[in-house]
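What follows is a short report on a single structure.
The values are calculated or read from the model by the stated rules, or taken from the named source; none is laboratory data. Being a predicted model, the structure only gives us computed values, none of them experimental. Backbone-built Cβ (ideal geometry, glycine too); neighbour counts: all protein chains shown. In case anyone asks, the SASA skips ligands and DNA or RNA and just uses the protein heavy atoms, side chains included. Shrake-Rupley method; radii C 1.70, N 1.55, O 1.52, S 1.80 Å.
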Amino acid sequence: MAPIKKSLLVANWKMNPLTLKEAERIVRSLEHGIKSLGKKDFISKIDLALCPPSLYLGKLENSPLFRWGIQNVHWETRGPFTGEVSLKMAEDAGCRYAIIGHSERRRLFGETDAVINLKLRAAFATAVSPILCVGENKEERKKDQTSVVIRKQLAQALQKVSVLSLPKLTIAYEPVWAISDMSGITSTRADSPDDIMGISILIKKILTEFYHSDVTEKVRIIYGGSVNQKNIDQFIEVKMVDGFLVGGASLTVFDFLPIIRKVYERS
Ligand code: PEP
């Protein structure tokens, strides 16, 4: 069943590949692969956002087939923040999307919901559309706290976010335990389609606690967690999912093109 909103497929390359040359090769082969599908209406059906390491942004060849995204940002525009990149800089480098609150940022770099809220609000002040990641970890899952965790993450991330900004928002549900470690083996187990649909409904419901449903309907909800060419079929038909966030499988055309094709076909 085709989704109501335009599909969004996000490639999170994390800290890969090792060289700009290799990144160029991936971009070229993806472009070639998509062109070989011969779908003239591709751009009108899918927003395909590539999120390479920020050092490569602005250096990779542009193609109308792609949007660019950044994996992390600072909320201030400029200043003494060594090692950081601002949303304005991302905007200037051609980014249309920013991943905010990825579980690796939360877990490995101590990002709190308060910091994520600052980043989200900063994104809404630019032309960059935020992709807010939420999701429970294994322990929380075991304790049946998924909905409590997601409600808390959303409530805090969306504090003081104006209703006018909401249509620009994408929420990525990424159960932490389902994300691969990119060692070549994808995660233990991806989430079941029923679970994902249930969580999408939950996210929508939580949003309507803060905003009118006319507006929350415009928020895209995507899923991420070891999506690959072997399991995409089980996720593609999930109603209320507007796309996917893909890590490991987005680094090779062999793995990513079948996912792109499937998302195109259902769009
Ligand atoms: C991610 O990092 O957001 C992700 C979904 O990764 P993977 O697809 O490798 O699990």
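Under 13 Å of direct C-alpha separation, and excluding same-chain neighbours fewer than eight residues apart, Lys138 reaches these aspartates and glutamates: Glu174, Asp191.
Near Ser36: Cβ cut-off under 14 Å, other residues only, Lys/Arg at +1 and Asp/Glu at -1. The net charge is +4. Here the chain has 55 percent of its accessible surface on carbon and sulfur atoms, given a 1.4 Å probe and all protein chains in place.
Applying the Karplus relation 6.51 cos²θ - 1.76 cosθ + 1.60 with θ = phi - 60° to segment 21-28 yields 3J(HN,Hα) values of 4, 5, 4, 4, 5, 5, 4, 4 Hz, where x marks Gly and Pro. Helical content alone sets the calculated 222 nm signal of the chain at -11500 deg cm²/dmol, taking -39,500 (n - 2.57) per DSSP H segment of four or more residues and averaging over every residue. Note on Lys160: lysines with a C-alpha under 26 Å away, same-chain residues under 8 apart excluded, are Lys5, Lys88, Lys119, Lys152, Lys168, Lys204, Lys205, Lys218.
Note on exposure: Asp181, Asp195, Asp47 ranked by accessible area (1.4 Å probe, complete protein assembly) read Asp181, Asp195, Asp47, with the most exposed listed first.
What does the charge count around Ala122 come to, taking other residues whose C-beta lies under 13 Å from its C-beta (Lys +1, Arg +1, Asp -1, Glu -1)? Its environment carries a net charge of +3.
Charge tally for Phe235 (other residues, Cβ to Cβ under 10 Å; Lys, Arg +1; Asp, Glu -1): -2. At a probe radius of 1.4 angstrom, the accessible area of the chain per residue rounds to 47 square angstrom. Converting phi to 3J(HN,Hα) with the Karplus coefficients 6.51, -1.76 and 1.60 and the offset θ = phi - 60°, segment 115-130 yields 5, 4, 4, 4, 5, 5, 5, 5, 4, 5, 8, 10, 8, 8, 8, x Hz in sequence order, with x at every glycine or proline. When only alpha carbons of segment 7-266 are considered, Rg and Dmax amount to 17.2, 48 Å.
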